[in-house]
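Since the structure comes first, as structure tokens, the remarks are kept for the end.
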Amino acid sequence: MVTAFSVVSADTVRAILDADLPGVVDLVERTYLRHDAGGTVNPPSYFLRFPDDPAARIIALPAALDGEPGVAGLKWISSFPDNLDRGLPRASAVLVLNDRRTGFPTACVEASVISATRTAASAALAARALAGSARRVGFVGAGLIAARIAEFLAAVGIPAERVLLHDHNPDRAARLAERVDRAEVARTAEEAVRESDLVVFATTAGTPHVTDADWLAHRPVVLHISLRDLSPQIVLGATNVVDDVEHCLQANTSPHLAEQLTGNRDHVHATLADVLTGRFTPPGDRPVVFSPFGLGVLDLALAEVVHGRALAEGTATVIPSFFSGLHPDR
């Protein structure tokens, strides 16, 4: 019988996840492998868009993890880029957990921290697998996600001797440079890309803005986190690794634009799980681009752990009477 519902705040989520960043990366890796083995349910994401504000959207990511007892849930995350001009975060989110046996909601977990954390942990996992010896790291986009990725790259031991940061807002890049070891502000996005072995795109770009393939002539590993920075021609000239093929090739991501241009998916060479399991090793003759669409099962896995620890530590707000008055259907 379901008798209680819990709420977990952003401060609690952050404290639990920040206590063990390498452990978060390991959990993300296990979840990717679980997904690869068929132990998840991860339907397509659903986009709510607004005709009068085309840059804004709210996305629903339903997901479930098999097992005993198993867990299901839904992340409901908004992206309103104009919030940055209002002094507000671009993204806000909640995640509802459901009991797999009864379907009852069991918790509402603040999820913007979970979302940023799983994005950064996924990026760090890919960097460790694809560019573990990178010495020079370049960021295009210096917002919250970039900052979180920088934390996780350090946590997994990427030995960066130089970090270049570029953002269309120079003040934002300068602020992040103060927080990241050995970091400096790059004058242009091109400089940040050309001077780096590992390149991170973490922008709010809605359409490709990097069109010159010569920027990547030195064959870096690219963490294409924002998904829409690279022209389809650049994608076609790279080795492409994604988190999930069906999810990534939609919504006019750069890999999706490449599919529209060619009429096929031959440019997608592997999933990250293929790399992690040794089924695929990228060749060294071209850039390697990792494009993660973002899987709801990753958010769900982190939220499940956070909820359990918050209950155990007494930091969740429990509402015992949330379902009071319910009775079996007659």
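Within segment 178-223, which residues are assigned to a helix (DSSP H, G or I), surrounded by fewer than 19 Cβ atoms within 10 Å (Cβ to Cβ) and under 23 Å from the mean Cα position of the chain (by Cα)?
Hit for segment 178-223 is Arg179, nothing else.
For the condition modelled with pLDDT of 95 or more and either touching a Leu at 6+ places or on another chain (Cβ under 7 Å) or in the same structural domain as Asp99 (by the TED database) (or both), what is the one hit in Pro69, Pro51? Before the answer, list the steps.
Numbers: Pro69 fails: modelled with pLDDT of 95 or more.
Unique residue meeting the criteria: Pro51.
From the set of residues in segment 237-254 that are surrounded by fewer than 19 Cβ atoms within 10 Å (Cβ to Cβ) and either hydrophobic (A, V, I, L, M, F, W, C) or in contact with a strand residue (DSSP E or B) (Cβ under 9 Å, 6 or more places away or on another chain) (or both), which is nearest to Thr203 (Cα to Cα)? Please lay out each step first, then the result.
First, pick out the residues of segment 237-254 that are surrounded by fewer than 19 Cβ atoms within 10 Å (Cβ to Cβ): 237, 245-246, 250-252.
Of the ones still in play, those that are also either hydrophobic (A, V, I, L, M, F, W, C) or in contact with a strand residue (DSSP E or B) (Cβ under 9 Å, 6 or more places away or on another chain) (or both) are 245, 251.
Working: Val245: 22, Ala251: 16 Å.
Looking at residues that are surrounded by fewer than 19 Cβ atoms within 10 Å (Cβ to Cβ) and either hydrophobic (A, V, I, L, M, F, W, C) or in contact with a strand residue (DSSP E or B) (Cβ under 9 Å, 6 or more places away or on another chain) (or both), I get Ala251.
Do we have any residue at all in segment 76-91 that's at positive phi and either open to solvent by 60 Å² or more (accessible area, probe 1.4 Å) or among the charged types (D, E, K, R) (or both)? If you could, list the steps in order and put the result at the bottom.
Taking segment 76-91 and keeping what is at positive phi, we get 87.
Restricting the remaining residues to those that are either open to solvent by 60 Å² or more (accessible area, probe 1.4 Å) or among the charged types (D, E, K, R) (or both) gives 87.
Yes, segment 76-91 has at least one match.
Condition test on Arg49, is it open to solvent by 30 Å² or more (accessible area, probe 1.4 Å) and either among the polar types (S, T, N, Q) or free of Cβ contacts under 8 Å to residues at least 24 places away in the same chain (or both)? Step through it out loud before you land on a result.
Working: open to solvent by 30 Å² or more (accessible area, probe 1.4 Å): yes; either among the polar types (S, T, N, Q) or free of Cβ contacts under 8 Å to residues at least 24 places away in the same chain (or both): yes.
In short, yes.
With respect to Ala155, determine if the residue is open to solvent by 10 Å² or more (accessible area, probe 1.4 Å), in contact with a strand residue (DSSP E or B) (Cβ under 9 Å, 6 or more places away or on another chain) and small (Gly, Ala, Ser). First the steps, then the outcome.
Working: open to solvent by 10 Å² or more (accessible area, probe 1.4 Å): yes; in contact with a strand residue (DSSP E or B) (Cβ under 9 Å, 6 or more places away or on another chain): no; small (Gly, Ala, Ser): yes.
For Ala155, the condition - open to solvent by 10 Å² or more (accessible area, probe 1.4 Å), in contact with a strand residue (DSSP E or B) (Cβ under 9 Å, 6 or more places away or on another chain) and small (Gly, Ala, Ser) - is not met.
Quick check on Leu33: is it modelled with pLDDT of 95 or more, over 24 Å from Ser6 (Cα atoms) and in contact with a helix residue (DSSP H, G or I) (Cβ under 9 Å, 6 or more places away or on another chain)? Give the steps one after another, and end with the answer.
Numbers: modelled with pLDDT of 95 or more: yes; over 24 Å from Ser6 (Cα atoms): yes; in contact with a helix residue (DSSP H, G or I) (Cβ under 9 Å, 6 or more places away or on another chain): yes.
It is true that Leu33 is modelled with pLDDT of 95 or more, over 24 Å from Ser6 (Cα atoms) and in contact with a helix residue (DSSP H, G or I) (Cβ under 9 Å, 6 or more places away or on another chain).
Within segment 62-73, which residues are open to solvent by 40 Å² or more (accessible area, probe 1.4 Å) and touching a residue at least 24 places away in the same chain (Cβ under 8 Å)? Full working, then the answer.
Filtering segment 62-73 down to residues open to solvent by 40 Å² or more (accessible area, probe 1.4 Å) leaves 66-69.
Those that are open to solvent by 40 Å² or more (accessible area, probe 1.4 Å) and touching a residue at least 24 places away in the same chain (Cβ under 8 Å): Asp66, Gly67, Pro69.
Report yes if some residue within segment 224-233 is surrounded by fewer than 18 Cβ atoms within 10 Å (Cβ to Cβ) and in a loop (DSSP other than H, G, I, E, B); otherwise report no. Please lay out each step first, then the result.
Initial filter on segment 224-233 (surrounded by fewer than 18 Cβ atoms within 10 Å (Cβ to Cβ)): 233.
Now narrow it down to the ones that are in a loop (DSSP other than H, G, I, E, B): none.
Within segment 224-233, not a single residue is surrounded by fewer than 18 Cβ atoms within 10 Å (Cβ to Cβ) and in a loop (DSSP other than H, G, I, E, B).
The values are calculated or read from the model by the stated rules, or taken from the named source; none is laboratory data. As the structure is a computational prediction, the values presented were derived from the model and not from experiment. Note that we place each Cβ from the backbone using ideal geometry, even for glycine, and neighbour counts take in every protein chain shown. Remember, those area values only see protein heavy atoms, side chains included, never the ligands or the DNA or RNA. Shrake-Rupley method; radii C 1.70, N 1.55, O 1.52, S 1.80 Å.
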